[in-house]
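Asks: My questions will all concern the structure given below.
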Amino acid sequence: MADPQFVHLRVHSDFSMRDGLNKVKPILGKVKALNMPAVAITDQMNFCGLVRFYSEAHALGIKPIVGADIWVKSDELEDQLFRLTLLASNNAGYQNITLLISRAYQRGFHPDRPVVDKSWLVEHREGVLILSGGREGDLGIALTKGNQDMAQHILDFYQQHFSDAYYLELMRTGRAGEDEYLHRAIDVAERYGLPVVATNEVCFIEPQAFDAHEVRVCIHDGFTLEDSRRPKRYSEQQYLRSAEEMAALFADIPEALENTVEIAKRCNVTIRLGEYFLPNFPTGDLSIEDFLVKKSEEGLEERLEFLFPDPQLRAEKRPEYDERLAIELQVINQMGFPGYFLIVMEFIQWSKDNGIPVGPGRGSGAGSLVAYALKITDLDPLEFDLLFERFLNPERVSMPDFDVDFCMDRRDEVIDHVAELYGREAVSQIITFGTMAAKAVVRDVGRVLGHSYGFVDRISKLIPGDPGMTLAKAFEVEPRLPELYDQDEEVRDLIDMARTLEGVTRNAGKHAGGVVIAPTKITDFAALYCDDEGRNPVTQFDKNDVETAGLVKFDFLGLRTLTIIQWALDMVKQTKGLDIDITAIPLDDLPSYKMLQNAETTAVFQLESRGMKDLIKRLKPDTFEDIIALVALFRPGPLQSGMVDNFIDRKHGREEISYPDAEYQHECLKEILEPTYGIILYQEQVMQIAQVMAGYSLGGADLLRRAMGKKNPRRWPSSAPLSKAVQKITASTATWR
Amino acid sequence: MKIFDLVEKFAGYGFNKSHSAAYALVSYQTLWMKRHHPAEFMAAVMSADMDNTDKIVTLVDECQRMELTVLPPDVNTGLYKFTVNPQNQIVYGIGAVKGVGEGPIEAIIEAREANGPFSDLFDFCARVDLKKVNKRVLEKLVYSGAMDNLGPHRASLMATLPEAIAAADQHAKAESFGQSDMFGLLTTEPEAVEQAFADVPKWAEKVWLEGERETLGLYLTGHPINQYQKELKHYTKTRLVDVKPTPRDGSVTAVGLVIDMRVMVNKKGRRWAIVTLDDKSARLDVRFFPDMFEQFEAVLEKDRILVISGQVSFDEYSGGNTMTARDVLDIVQAREKNARAIVLQLEQAWCNADNVGRLKTLLSQYQGGACPIQLCYTHPDASATLMVGAQWYVVPQDELLYDLRVTLGEEQVSLTFH
């Protein structure tokens, strides 16, 4: 590659939720296609896209330059906000920009957006390079006004605090006042010996996207395109220009181009991704591993006493439980997750101690005996063949994930407790991004294009309101859409524009229930975003990125049913003086099953829908295993495949039970398939079958199961112990659909 | 290796058993609570869905099926949420009364906890902070039945409200008067307000039920259809709860009270509607497609009793049965079609010139209908039955039946059917 001529240092992705159009990935794709060695994505007051930018840039062999556009206020300009671009020359700079942005959000909007005080820059100057912001920077404003004193004052500030780190930004994007500013800026640069740098304030990739960009801005600002009061701040030249174009544009000021490359060389930030940093859990004199072992063994003892009150039976059963516990503990400690279990244990225990109802653990957590011993879950995994490997797979390193349900009304108390315990600066919730969805984008675009409500309504009503609906899908399921599209030019224009904008990030919100706990401060890992009053901090990285960035996520979900059970228990205590431990009720209560079989399940969690009642009447469940099966069976797949009918017929003896099929019996599967009358219903059974028949470890079987779910034979694990069996299996799938 | 194919097939459907088991435990817990502590469980469920009238209706129905009594809200025993009293009856949550917010309820409970239950409306108004519980809230409480224990009946409570409020005002003044009159310098006593309930007739069932529907979202202590119950079985044998999907060309007749009607415009700009019928046993949604809607628009009205025939199918979307209407009769049309006559029992003693004249005037107002009048005349020595002439056939409106009952007596008026 020849010496690079130009690097874009000011590019907005759609995380600039007012004026960025494109996603990070296509921007990087274009940068790659243009053969540029580096790029800076500098979104407006946020690092929301940083994780994907950083990792995808690396994957493409592009050097990611970390930075952000910020809004600033200063004494000189009083109420007039101005803009700067901050770039991180090293990790300290990245940290400082993170702190600046976070601080601006934490102060609250000022007045209508988060704003950095110019004086803060001094405190956070280490490792920070400043691009002056062109016409819209403080110097640019002073120069445009022709206010020499003010310009002098401003220059003094940057020369004092950012000597060698302040660049006069020059642009040629065809916007009013640019030339005048440019001449004055060059004049200043010469007089003070300041470096200049060319940017293109990129807001979209291709020039033809300008119209879409204008619509995007209008949607945000609430104007129509034709509105004469609409500020026109952008030009169609703000696309991702090639180095050649930039070189031609700035042929007269070559140093402005050279400096982009110099800056790119100066900026070297390394972000550690894909590692996790668990918060510390206080364990006294013991190591965290030993503490987990101790707590788990104590807990198991209690559980065994409850499960098997008869000492003799307990002694008989104990070895099985001890062995399972030991294996799980070894895996957990080996994978480095003892802290995770202890943290979850702590906040669940705290909730229970404070009368906040806690659910039995969503997801796969119920497969862990350690979790059962620690009272994280409330179901004996051995009794119901729940597998630890489904939860934590030693052969596939990934964070464990307990999704814990709490009583809806009091979930925030738990989050507050966690913040109190681990430190407010160490705890935060997580951002979630709203994107322009099919229906909304048609409405928004229609409004901005100035169409009547009726016209827009007619089209948008045709788009089904299902979650995850896209325009493409809507065109498939609703034939009137393509019909209108072909007939009516206005509809076509509207839809085409909507297609361009569909999926663009529109706003930010709080992810329901996700909480991250940092070992130090959140801002060591991610910048913070807050509401307009500076409250409810969330990480600027979304739930996936925040984990990639090293923070451990805990899901605090709300479940109304838990509240209901608690209220009912409270009333029983009051009216009947009975203190019921709902986690200790017998799971084989005949009267309850009798009521269930009559489908008198109105108000019973998960079992009250009409379809479910019909299934219950047919199945006549009489064990807890049957209730587990009900929920698994009541889905479109099993219902349509006839599996449900087989299940019911076998349960009632109308069909012979076989393991799993009359044509090919495998006696060795009997134990695995007995609870479901020989029918393969659960992922856990798939794993066990792979273990018994092909010699997989349960961990390997989990990998197999995941691969099967993806229908991708090539990704099947080949490291299983009996690779011969694997080959055999693979060979037999030559006819894979 | 066939087993593999099967595994492959089911791997796609395979369900995470850990998750299923954990959630099944919650299902089981609610099942167990419902079985062993039904009143408390249902009270908790209703409290959780307090703002969702549709859910409450279903749940109150379920309570009735479970033979649990649901009492109206009660300012003396109720709380914000639904509760269970020592007789194992569910007491409606005062918080579920529309138009009564958390503030007023707190004020009521505060006063009750400070000095015990309220003896009557006057005591209530005197002790509760009327700045927090204003007249509008008091009216809602009366309508909902929450004050039933504080006076003779709802009509009287409502009529007495202004006085009770005035008395409370006086009472408050008297107290502050007493306090400032520490030295007994002022000797005139504040005028005592007589605390007597207004002597007004009870509300008709229809009126008090309307009040319940307005404040609770449902008819709790009765159903407007009750007064029609006797005649309705002549219009159809099928209760709404027994309505089943019909064959393609089949038809079934349903009778109920219109409790909701949603009129929509279809893509061609024509109007159609979904009408919800209720007969106390269940509810049924009836669709009126544009042609039917236009034909029957005049009788489609909330709070009317309608006799609707149509085809019933199971609606996957709503998970219930839905009828597509083909024919509609309102109660007058149904009577004209099905009733043989209005039967009037006349006793000789009653039949003076005055009374007969009044009866004639009354009937003349409804003349010109299709319903014959049958007169059963009883004399101490003999009795006779005679049909009036066709020019005296009447329109059998509710008002006519009501007026006849007022004139002749409740037992003297009835409908006979073919």
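Asks: Quick one: of A:594/A:670; A:553/B:81; A:510/A:553, which pairs are farther than 24 Å apart, Cα to Cα?
Replies: Numbers: A:594/A:670 28 Å; A:553/B:81 35 Å; A:510/A:553 14 Å.
Pairs exceeding 24 Å: A:594/A:670; A:553/B:81.
Asks: Counting only GluC sites (Glu not before Pro) that are in a DSSP loop and have at most 14 other C-beta atoms within 10 Å, tell me the longest site-free stretch of chain B.
Replies: B:68-190
Asks: Hey, what number do you get for chain A at 222 nm if only DSSP H runs of n ≥ 4 count, each worth -39500 (n - 2.57), divided across all residues, to the nearest 500?
Replies: -14000 deg cm²/dmol
Asks: From largest to smallest, what semi-axes in whole angstrom does the protein assembly as shown give when each is the square root of 5 times an eigenvalue of its alpha carbon gyration tensor?
Replies: Details: eigenvalues 838, 374, 248 Å².
Here the semi-axes work out to 65, 43, 35 Å.
Asks: What's the FRET efficiency of residue A:352 with residue B:266 using the Cβ-Cβ distance as r and R₀ = 41 Å, to the nearest 0.05?
Replies: Calculated value: 0.15.
Asks: Still on this structure, please answer the following. Per q in 0.17, 0.18, 0.20, 0.23 1/Å, what log10 I(q)/I(0) does a Debye calculation on the alpha-carbon atoms of region B:335-417 return?
Replies: Scattering profile of region B:335-417, log10 relative to I(0): -0.64, -0.72, -0.90, -1.20.
Asks: Among the GluC sites (Glu not before Pro) within region A:56-104, which fall in a DSSP loop and have no more than 13 other Cβ atoms within 10 Å of their own Cβ?
Replies: Here the GluC sites (Glu not before Pro) that fit, given the DSSP loop and packing criteria, are A:78.
Asks: While we're on this one: Taking 7 Å along the Cα-to-C-beta vector as the label spot, tell me the residue B:241-residue A:492 distance in nanometres, rounded to one decimal.
Replies: Each label point lies 7 Å from its Cα, and together they span 6.0 nm.
Asks: Give, in whole angstrom and from largest to smallest, the semi-axes √(5λ) of the equivalent ellipsoid of region B:37-216, with λ running over the eigenvalues of the Cα gyration tensor.
Replies: 35, 18, 13
Asks: What ³J(HN,Hα) values, in whole Hz, does the Karplus curve 6.51 cos²θ - 1.76 cosθ + 1.60 give for region A:588-604 when θ = phi - 60°, with x put for Gly and Pro?
Replies: With coefficients 6.51, -1.76 and 1.60, one gets 10, 6, 4, x, 5, 5, 5, 4, 4, 5, 7, 6, 8, 10, 3, 6, 8 Hz.
Asks: A further question on this structure: Once Lys and Arg get +1 and Asp and Glu get -1 on their Cβ, which of B:400, B:369, B:355 lies farthest toward the positive end of the dipole of region B:335-417?
Replies: Final value for the positive-end residue is B:369.
Asks: If you find the alpha carbon centre of region A:349-398 and of region B:322-339, how far apart are they in angstrom?
Replies: Using only Cα atoms to place each centre, the spacing works out to 60 Å.
Asks: Let me ask you something else. At 0.36 nm per residue, and after removing the present C-alpha to C-alpha distance, how many nm does the segment from residue A:512 to residue A:335 gain when stretched out fully?
Replies: Working: separation 177, 0.36 × 177 = 63.72 nm, distance 2.81 nm.
Taking residue A:512 through residue A:335 to full extension adds about 60.9 nm, to one decimal.
Asks: Order these peptides, A:420-426, A:497-503, A:461-467, by their mean beta-carbon neighbour count within 10 angstrom, highest first.
Replies: Most protected by this proxy first, the peptides run A:497-503, A:420-426, A:461-467.
Asks: Residues with amide H under 5 Å of residue A:430's amide H, sequence separation 5 or more or different chain, H placed in the peptide plane at 1.01 Å from N; which?
Replies: For residue A:430, whose amide H was placed from the backbone, the distant partners under 5 Å are A:511, A:514, A:539.
Asks: Treating the beta-carbon of each Lys and Arg as +1 and of each Asp and Glu as -1, no other charges, what is the dipole magnitude of the protein assembly as shown about its Cα centre, to the nearest 20 debye?
Replies: 2880
Asks: Shifting gears a bit: With a 10 Å radius around each residue's Cβ, average the other Cβ atoms per peptide and rank B:325-332, B:272-279, highest first. Present the calculation step by step, with values, prior to reporting the outcome.
Replies: Values: B:325-332: 18.4, B:272-279: 20.1.
Peptide ranking by packing, descending: B:272-279, B:325-332.
Asks: Given the C-alpha centroids of region B:224-257 and region B:27-93, what is the distance between them in whole angstrom?
Replies: That distance is 29 Å.
Asks: Grab the beta carbon distance between residue B:411 and residue A:480, set R0 = 56 Å, and tell me the FRET efficiency rounded to 0.05.
Replies: Here the calculated transfer efficiency is 0.35.
Asks: Any aspartates and glutamates with Cα under 17 Å of the residue A:620 Cα? List them, leaving off those in the same chain fewer than 8 positions away.
Replies: The reachable aspartates and glutamates, counting only those whose Cα sits under 17 Å from residue A:620, are A:588, A:589, A:600, A:608, A:645, A:649, A:655.
Asks: How far apart, in nm, are two points set 7 Å out from the Cα along the Cα-to-Cβ line at residue B:87 and at residue A:641?
Replies: Label-label distance for residue B:87 and residue A:641, simple model: 5.5 nm.
Asks: While we're on this one: Roughly how big is region B:48-162's charge dipole about its Cα centre, with Cβ charges of +1 (Lys, Arg) and -1 (Asp, Glu), in debye to the nearest 20? Please report the intermediate quantities before stating the final value.
Replies: On the way: 12 positive and 16 negative charges, 72 e Å.
Approximately 340 debye in magnitude.
Asks: Let me ask something else. Please say if region B:84-162 is rounded, prolate or oblate, where rounded means a/c under 1.5 for a ≥ b ≥ c the square roots of the C-alpha gyration tensor eigenvalues, and otherwise the choice is prolate for a/b larger than b/c and oblate otherwise?
Replies: Verdict is rounded for region B:84-162.
Asks: Could you list the residues of region B:77-93 with an amide nitrogen less than 15 Å from a label point located 7 Å from the Cα of residue B:109 in the Cα-to-C-beta direction?
Replies: It comes to B:77-85, B:91-93, nothing else.
Asks: At what distance in angstrom do the alpha carbon centres of region A:125-153 and region A:576-607 lie from each other?
Replies: Going from one Cα centre to the other spans 71 Å.
Asks: In whole Hz and in residue order, list the ³J(HN,Hα) couplings for region B:237-253 that follow from phi through the Karplus curve 6.51 cos²θ - 1.76 cosθ + 1.60, θ = phi - 60°; x for Gly and Pro.
Replies: 8, 9, 7, 4, 5, 9, 5, 10, x, 9, x, 3, 9, x, 8, 9, 10
Asks: Rg and Dmax of region A:211-318, Cα atoms, in Å?
Replies: Here Rg and the maximum Cα pair distance are 33.1, 93 Å.
Asks: Evaluate E = 1/(1 + (r/R0)^6) for residue A:425 and residue A:119, where r is the Cβ-Cβ distance and R0 equals 22 Å; express this FRET efficiency to the nearest 0.05.
Replies: On the way: r = 22 Å, r/R0 = 1.00.
FRET efficiency, residue A:425 to residue A:119: 0.50.
Asks: Based on Cβ point charges of +1 for Lys and Arg and -1 for Asp and Glu, what charge dipole magnitude is obtained for region B:228-331 about its Cα centre, in debye rounded to the nearest 20?
Replies: 120
Asks: Amide H to amide H under 5 Å from residue A:661: which residues, 5+ apart in sequence or cross-chain, H placed 1.01 Å off N in plane?
Replies: Here A:666 satisfy the definition.
Asks: On to the next question. Can you show me the helix-derived [θ] at 222 nm for chain B, built from DSSP H runs with n ≥ 4 at -39,500 (n - 2.57) apiece and divided by the number of residues, rounded to the nearest 500.
Replies: Computed mean residue ellipticity for chain B: -12500 deg cm²/dmol.
Asks: Among the lysines in region B:228-331, how many pairs, 8 or more places apart or on different chains, have alpha carbons under 27 Å apart?
Replies: Here the count comes out as 13.
Asks: Mind checking B:48-54 for the average number of partner chain beta-carbons within 10 Å of each residue's beta-carbon? List each step's numbers first, then the result.
Replies: Working: counts 9, 3, 0, 0, 0, 0, 0.
Whole-number average of other-chain Cβ neighbours for B:48-54 is 2.
Asks: Another question about this same structure. Residue-wise, which Karplus ³J(HN,Hα) couplings in Hz belong to region A:499-514, taking 6.51 cos²θ - 1.76 cosθ + 1.60, θ = phi - 60°, and x for glycine or proline?
Replies: Once θ is set to phi - 60°, the couplings for region A:499-514 become 4, 5, 8, 4, x, 5, 5, 10, 7, 10, x, 9, 5, 5, x, x Hz.
Asks: Per residue, what volume in Å³ does the Cα convex hull of chain B take up?
Replies: In chain B, the Cα convex hull volume per residue is 275 Å³.
Asks: Right, here's the next one. Give me, ordered by chain and number, the residues 5 or more places off residue B:340 or on other chains with an amide H under 5 Å from its own placed amide H.
Replies: Residues meeting the amide H criterion: B:416, B:417, B:418.
Readers should treat all values here as calculations from the given coordinates under stated rules, not as data from a laboratory. Note that the coordinates shown come from a computational prediction; the quantities given were computed from them, not determined experimentally. Note: ideal-geometry Cβ built from the backbone for every residue, glycine included; neighbour counts use all protein chains shown.
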